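Engineer: For reference, the structure I am asking about is given below.
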Amino acid sequence: MDLLNLIKENAKKNLQRIVLPESFEERTLKAADIILKEKLAKIILIGNPEKINNEAVKLGLTHIVEATVIDHENNPKEEEYAELMVELRKSKGLTKEDAKKLLRDPLYLATVMIKNGDADGEVAGADNATGDVLRPAFQYVKTLPGISVVSGAFLMFLKDKNFGEDGLMVFADCAVHPNPTAQELAEIAVSTAKTTKAIARIEPKVAMLSFSTKGSAKHEMVDKVRAATELAQKMAPELKIDGELQADAAIIDAIGKKKAPGSEIAGNANVLVFPTLETGNIAYKLVERLAHAQAVGPILQGMAAPINDLSRGCSVSDIVNLVAITANQAAEK
Ligand code: ACO
């Protein structure tokens with residue numbers, strides 16, 4: 001069975017409550033219908049019940065009736081949620097009135113539902129930019145203990161099965177944090193190794209990428225990756241993490257042996273951690289387009305509950321896949 005089917009089968013075993021705040025969006029409704037039909041998750045839609053119903057009828061979607069619908073304009077839990085928000089953001093001076101205004105925004109409501117234990121995960125972004133999906137999540141769901149930074153990993157299904165684990169590699173951070181410090185980069189490496197185990201279901205071999213291999217170049221950017229490698233190794237001594245490595249030394253056996261002799265990772269890496277968002281984002285898009293890889297994600301990691309962001313160009317099946325991944329993350333938690 002391929003990995004995505006395995007992830008879907010796993011989601012079916014322990015149904016999680018996934019909230020979709022963009023119910024006005026056609027692809028989201030179609031995906032919700034498929035998810036409910038295939039029993040991949042329990043779906044919570046945020047929106048006007050009548051509008052959702054009318055749209056479902058228009059689109060011929062027969063399973064949407066099984067979704068729980070929460071009307072953000074008329075939510076019986078508004079008072080309770082506003083109090084929770086004020087408590088969580090009191091250091092920022094949030095008033096109850098402001099909290100109630102924010103709760104009229106489905107993206108805020110979704111994250112507060114998760115924080116209050118009324119949903120297990122969220123998928124959004126078919127109609128909203130990454131920052132708009134992430135900001136409420138950062139503010140109300142926050143990061144896991146011991147992790148200060150959220151990052152985004154991609155499962156890269158490569159055509160060339162010689163790379164990674166039978167063609168599967170994990171790239172990060174490709175989606176969230178523009179310029180991590182050494183400590184943050186170390187956290188990203190550890191989070192990515194955990195995602196690799198939990199979602200890609202392979203034993204992570206993590207390469208911390210740079211334009212230098214083991215001191216071949218001297219620069220403060222190289223120093224950052226080297227420091228991050230040491231910190232990550234200390235944070236999670238059980239994980240296989242090595243750096244700094246150039247991309248060719250990380251993935252090509254002969255080059256790895258030559259440039260980083262004795263490294264367990266060089267030439268065998270299946271997880272690539274990029275030094276900045278710029279490099280990670282450019283790299284995954286180039287591999288996707290030039291090498292015709294399938295890129296699944298970003299899978300957000302380091303958040304206290306699973307919240308995942310779609311590309312605005314996503315397809316219905318991208319949404320279904322990301323909901324199944326989110327459900328796996330929630331069940332894992
Ligand atoms: N992890 C955890 N918390 C974070 C992170 C992070 N990576 N970044 C910001 N925060 C927190 C801050 O600490 C702050 O918390 P507080 O309000 O409790 O003090 C809150 O989030 C807001 O912080 P800001 O600095 O105001 O964050 P801002 O909203 O300006 O930016 C954002 C955050 C939107 C994620 C920004 O870093 C960003 O735009 N990143 C790039 C996203 C992107 O465009 N990716 C590429 C496209 S995606 C793709 O191609 C697949």
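Engineer: Take the solvent-accessible surface of the protein heavy atoms, probe 1.4 Å, and return the percent of it on the chain that carbon and sulfur atoms account for.
Structural biologist: Percent of accessible area from carbon and sulfur atoms in the chain: 51.
Engineer: Just tell me which aspartates and glutamates come within less than 19 Å, Cα to Cα, of LYS77; anything on the same chain fewer than 8 places away is out.
Structural biologist: GLU87, GLU97, ASP98, ASP105, ASP118, ASP120, GLU122
Engineer: In addition: When each pair of different Cα atoms in the stretch 213-333 is counted once in the 1/r mean, what is the Kirkwood radius in angstroms, to one decimal?
Structural biologist: Computed over Cα pairs of the stretch 213-333, the Kirkwood hydrodynamic radius comes out at 16.6 Å.
Engineer: Between PHE211 and HIS292, how many nm apart are label points set 7 Å from Cα along the C-beta direction?
Structural biologist: Label at PHE211, label at HIS292, 3.2 nm between them.
Engineer: Out of the DSSP beta bridges found with both residues in the chain, what percent are antiparallel (nearest 5)?
Structural biologist: Roughly 35 percent of the beta bridges in the chain run antiparallel, per DSSP.
Engineer: Evaluate the charge dipole of the stretch 151-294 about its Cα centre and quote only its size in Debye, nearest 20, assuming +1 on the Cβ of each Lys and Arg and -1 on the Cβ of each Asp and Glu.
Structural biologist: So the dipole magnitude of the stretch 151-294 works out to roughly 220 debye.
Engineer: Here is a follow-up. I want the local charge near LYS214. Using Cβ-Cβ distances under 10 Å, sum +1 for each Lys or Arg and -1 for each Asp or Glu among the other residues.
Structural biologist: That works out to 0.
Engineer: Between rounded, prolate and oblate, where does the stretch 1-104 land on the alpha carbon gyration tensor, with a ≥ b ≥ c its root eigenvalues, rounded for a/c under 1.5, else prolate if a/b exceeds b/c?
Structural biologist: In terms of gyration-tensor shape, oblate.
Engineer: Tilt of helix 3-13 relative to the longest C-alpha principal axis of the chain, in degrees (0 to 90, nearest 10)?
Structural biologist: 40
Engineer: Give LYS8/LYS100; LYS96/LYS285; LYS8/LYS234; LYS197/LYS285; LYS8/LYS205 a once-over and call out the pairs whose C-alpha atoms are over 31 Å from each other.
Structural biologist: Cα-Cα > 31 Å for LYS8/LYS100; LYS96/LYS285; LYS8/LYS234; rest within.
Engineer: Right, another one. Tilt of helix 182-195 relative to the longest C-alpha principal axis of the chain, in degrees (0 to 90, nearest 10)?
Structural biologist: Compared with the principal axis, the helix lies near 70 degrees.
Engineer: Taking H as built 1.01 Å from N, whose amide H comes closer than 5 Å to the amide H of THR143, not counting residues under 5 places away?
Structural biologist: Here the answer is ALA304, since their amide H atoms fall under 5 Å of that of THR143.
Engineer: Give the aspartates and glutamates reachable from LYS224 as a straight Cα distance under 16 Å; neighbours fewer than 8 places away on the same chain don't count.
Structural biologist: ASP173, GLU184, GLU187, ASP242, GLU244, GLU278
Engineer: Between the stretch 198-273 and the stretch 130-154, how many Å separate their Cα centres?
Structural biologist: Distance between centres, Cα-based: 25 Å.
Engineer: Please report the spacing between the Cα centers of the stretch 284-306 and the stretch 62-102 in Å, no decimals.
Structural biologist: Going from one Cα centre to the other spans 30 Å.
Engineer: Follow-up. List the relative contact order of the stretch 151-294 as a percent without decimals, with contacts defined as Cα pairs under 8 Å and 6+ residues apart.
Structural biologist: Once normalised by length, the contact order is 33 percent.
The values are calculated or read from the model by the stated rules, or taken from the named source; none is laboratory data. What you are looking at is a predicted structure, and each value in this text was computed from that prediction instead of being measured. All Cβ positions, glycine included, derive from the backbone under ideal geometry; neighbour counts span all protein chains shown. Remember, those area values only see protein heavy atoms, side chains included, never the ligands or the DNA or RNA. Shrake-Rupley method; radii C 1.70, N 1.55, O 1.52, S 1.80 Å.
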